[in-house]
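The values are calculated or read from the model by the stated rules, or taken from the named source; none is laboratory data. Bear in mind the structure is a predicted one, so any value in this text is a computation, not a measurement. When we count neighbours, we look across all protein chains shown, and the Cβ atoms used for this are built from the backbone with ideal geometry, even at glycine. Surface accessibility is based on the protein's heavy atoms, side chains included, excluding ligands, DNA and RNA. Shrake-Rupley method; radii C 1.70, N 1.55, O 1.52, S 1.80 Å.
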Amino acid sequence: MCGIVGYVGKQKAAPLIIEGLKRLEYRGYDSAGVAVLQDGKFVVAKKTGRVANLEQEATRHRLNGTHGIGHTRWATHGGVTDANAHPHVSSDGKIALIHNGVIENYVAMKKFLLEKGYTFKSETDTEVLCNLIAYHYAKEPAGANGDSRFVESVRKSLRHAEGTYGIVVMAIDAPGELVTARKGSPLILGIGDGESLVASDVSALISRTQNVVYLKDGEIAHLREQNFSITTLSSGAVSPVVDKVTWSIKDAERGDHAHFMEKEIFEQPVALENAMRGRFSEDGSTANFGGLNITANELRSIDRLVFLACGTALHACMVTEHLIERFARIPVECDYASEFRYRNSPLFHNTLFFAMSQSGETIDTLAAVREAKRKGYKVLAINNVVGSTIAREADGGIYQHVGPEVGVASTKAFTSQLLIGAMLALYLARLRDMSFSDGTQLVQALKAAPDLVRTALKEAPRIREIAKRYAHYTDMLFLGRLSLFPIALEGALKLKEISYIHAEGYPAAEMKHGPIALISEKCPSVFFVPKGEMLNKIVSSMQEIKARKGPIIAVVTDGVELPPALADEVITIPDCHEAVLPIVASIPVQLLSYYIAVERGCDVDKPRNLAKSVTVE
Ligand code: G6P
């Protein structure tokens with residue numbers, strides 16, 4: 001949500017910043033802007049729409065300076081206009097600022113600043129913070145507090161700011177310096193060779209350096225070409241830890257694929273291999289997780305698990321609930337993180353929390369983590385982004401290890417969450433009463449997942465043909481039972497996210513309690529029809545749809561024979577173990593929604609109004 005890049009070094013800043021913004025566009029793409037300090041003044045280019053528009057605009061401004069900031073916006077306060085785009089410059093021309101987050105008390109601040117003679121061009125909370133920094137900058141004596149006047153004025157302003165922020169600031173009298181600070185919005189420093197960078201995501205830094213510092217909440221960093229220092233909001237010095245990013249720029253590039261989503265769908269076999277690598281015990285009967293930070297005995301004494309997440313990650317939790325209850329026999333509850341944090345539900349003593357989040361930055365999930373911790377509970381995290389806020393604040397956790405996911409619609413991160421959920425179910429079950437041989441069988445089943453996904457992906461050309469026939473519909477239902485019910489929810493979410501077709505997911509049998517009213521020849525249903533005890537019941541639900549002329553796309557496991565003419569389209573996936581089935585069944589619905597969106601001419605990687613990582617409430 002909002003992408004941020006700042007650069008100070010010897011190169012021309014604007015092209016590097018714009019290059020970084022392109023990599024961050026998935027965080028927001030309502031408007032973009034860049035500001036460079038050159039010849040003693042700020043030169044600002046900003047434009048609504050995509051970074052490509054900004055690129056054209058920037059060439060008109062001849063941005064030559066070697067010190068600048070850039071931003072791609074996901075609008076919160078103020079409409080999508082050039083004026084509301086960042087960077088903002090204070091009305092006295094002294095301070096330039098980019099911001100991710102929401103300053104909640106901006107109305108009171110603005111009143112104060114208007115009285116002091118500051119003026120405003122935009123409707124944003126960001127411009128208010130920018131002017132507040134200018135106000136303190138104008139008042140601050142040089143060299144105050146042993147720190148620069150620049151850092152001190154940012155620190156003073158932030159003490160008054162309520163809400164969330166990740167900011168990068170330039171001051172007119174401080175060429176070659178950036179000040180950056182965070183509370184609730186991610187910021188990462190890039191420590192290069194004779195240059196320093198800051199960004200909201202590693203992918204915008206990685207072409208310049210792999211040495212990074214994850215800034216923590218309440219920290220302020222002062223960046224210069226050759227060095228940097230970090231202090232806290234209360235002005236205490238911090239000893240920074242420099243981490244090395246393990247992936248390279250190539251992992252964040254689209255290659256020959258038409259879209260990141262397509263690339264990431266086809267990467268899934270390898271992503272699953274990476275997520276499970278080194279995580280099975282030597283005797284082949286259970287899973288191992290290095291960073292859980294909880295003893296086997298503690299886990300044996302847990303009576304209840306609560307999973308917190310948002311969006312796609314919540315669907316992965318729901319499948320995990322099914323598998324943990326089935327194999328480990330521990331009661332599990334899944335909750336929308338955004339609801340949990342305010343619901344104040346009664347909690348039991350021996351409860352362990354898990355927070356699942358690809359980005360590790362989703363503000364609702366982070367707030368739920370803090371709420372559970374405040375109440376004295378241990379929280380473990382399942383995240384993809386290494387060093388993310390949730391990963392750091394949790395008591396322990398599991399990384400997904402699938403590399404950067406750029407497409408806004410989650411695919412490889414989702415299936416790796418399903419895999420890790422299944423491995424967790426195995427691990428917990430083996431600590432309780434699952435036998436050695438059942439454990440061994442489950443390990444074998446999980447190890448087969450990448451190849452089963454490879455087989456499922458071979459159906460892509462057929463699914464593309466089906467998508468052409470279904471792209472004109474305006475409504476669709478996704479229906480599944482047991483562990484495939486969350487996959488129905490996920491199928492519906494994927495379709496509406498990227499193709500804007502209204503879609504709903506339901507447990508197949510629940511369909512007759514309401515959604516059946518939608519059924520006609522204009523509303524197709526996608527059914528998950530695996531072999532097994534539920535088969536006949538699912539077929540009955542399909543008959544009920546067919547009797548009302550509803551078109552049916554059936555995703556069947558190999559060997560299922562449907563009554564003639566019941567399904568209009570049949571997509572076959574390999575028959576597999578129930579722990580792996582949700583992973584394999586996800587593939588056709590990912591492909592279906594992808595190809596339907598392409599057929600409708602939608603911008604698959606940047607669906608309207610969405611952002612990959614939602615860091616505002
Ligand atoms: C946003 C994205 C969704 C994602 C959700 C949770 O809403 O558009 O695709 O599932 O955030 O993201 P997380 O990073 O916490 O998994």
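How about Lys412: which lysines have a C-alpha closer than 19 Å to its C-alpha, ignoring those fewer than 8 places off in the same chain? Filter leaves Lys250, Lys263, Lys447, Lys458, Lys494, Lys496, Lys606, Lys612. For the stretch 254-447, the share of DSSP beta bridges that are antiparallel, to the nearest 5, is 5%.
A DSSP coil position with no more than 11 other Cβ atoms inside 10 Å describes the following GluC sites (Glu not before Pro) in the stretch 217-304: Glu282.
Near the amide H of Gly360, within less than 5 Å, lie the amide hydrogens of Asn384, Val385, all on another chain or at least 5 residues away, with H placed in the peptide plane. Contact order, relative form, for the stretch 3-251: 19 percent (alpha carbon pairs under 8 Å, 6 or more residues apart, mean separation divided by residue count).
Assuming R0 = 30 Å, what is the FRET efficiency of His502 and Ala52, from their Cβ-Cβ distance, to the nearest 0.05? My answer for the efficiency is 0.50. Apply the a/c threshold of 1.5 to the C-alpha gyration tensor of the stretch 3-251 and tell me whether it is rounded, prolate or oblate. Rounded. For the stretch 498-503, backbone phi angles converted through the Karplus equation (6.51, -1.76, 1.60; θ = phi - 60°) give residue-by-residue couplings of 10, 10, 6, 8, 5, 9 Hz, Gly and Pro being listed as x. Take every DSSP beta bridge whose two residues both sit in the chain; close to 60 percent of them are antiparallel.
For the stretch 598-608, 3J(HN,Hα) computed residue by residue from phi via the Karplus equation (6.51, -1.76, 1.60; θ = phi - 60°) reads 4, 4, 7, x, 7, 7, 4, 7, 10, x, 4 Hz, glycine and proline entered as x. Rounded to the nearest Hz, the phi-derived 3J(HN,Hα) couplings of the stretch 323-336 under the Karplus curve 6.51 cos²θ - 1.76 cosθ + 1.60 (θ = phi - 60°) are 6, 5, 5, 5, 9, 9, 6, 10, x, 10, 10, 10, 9, 4, where x marks glycine and proline.
Among the GluC sites (Glu not before Pro) within the stretch 133-197, those in coil by DSSP and having at most 16 neighbouring Cβ atoms inside 10 Å are Glu162. Estimated from helical segments only, the mean residue ellipticity of the chain at 222 nm is -11000 deg cm²/dmol, where each DSSP H run of four or more residues counts as -39500 (n - 2.57).
Report the far tail of the P(r) of the stretch 458-608, meaning the percent of Cα-Cα pairs longer than 20 Å. Counting every Cα pair in the stretch 458-608, those more than 20 Å apart make up 42 percent.
Bridging of Lys41 to lysines at a Cα separation below 30 Å is possible for Lys10, Lys12, Lys22, Lys94, Lys110, Lys111, Lys116, Lys121, Lys139, Lys156, Lys183, once same-chain residues fewer than 8 apart are set aside.
For the stretch 478-617, which whole-number percentage of the solvent-accessible area (1.4 Å probe, protein heavy atoms only) is attributable to carbon and sulfur atoms? The value for the stretch 478-617 is 49 percent carbon and sulfur by accessible area. Note that the stretch 355-494 presents 31 Å² accessible area per residue, ligands and nucleic acids not counted, probe 1.4 Å. Close amide H pairs (under 5 Å, H built 1.01 Å from N) link Phe280 with Asn288, residues at least 5 positions away or on another chain.
Of all aspartates and glutamates in the structure, the ones whose alpha carbon falls short of 12 Å from that of Lys46, not counting any fewer than 8 places away in one chain, are Asp30, Glu55, Glu57, Asp82.
Can you give me the Cα centroid spacing of the stretch 496-553 and the stretch 186-248 in angstrom? Centre-to-centre (Cα) distance: 50 Å. With all protein chains in place and a 1.4 Å probe, the accessible surface of the stretch 185-313 carries 47 percent carbon and sulfur.
Among rounded, prolate and oblate, which fits the stretch 208-311 when a ≥ b ≥ c are the square roots of the eigenvalues of its C-alpha gyration tensor, a/c under 1.5 means rounded, and a/b larger than b/c means prolate? Taking the square roots of the gyration eigenvalues as a ≥ b ≥ c, the stretch 208-311 is oblate. The value of relative contact order for the chain, using C-alpha pairs under 8 Å at least six residues apart, is 12 percent.
Remark: relative contact order (the stretch 318-470) = 22 percent; criterion is Cα-Cα distance under 8 angstrom and separation of 6 or more residues.
Oblate is the label for the stretch 254-447, because the ratio a/c of its alpha-carbon gyration tensor axes (a ≥ b ≥ c) is 1.5 or higher and a/b is not greater than b/c. Remark on Ile571: its backbone amide H falls under 5 Å from those of Ala554, Val555, Val556, a criterion applied only to residues 5 or more positions apart or on other chains, H modelled at 1.01 Å from N.
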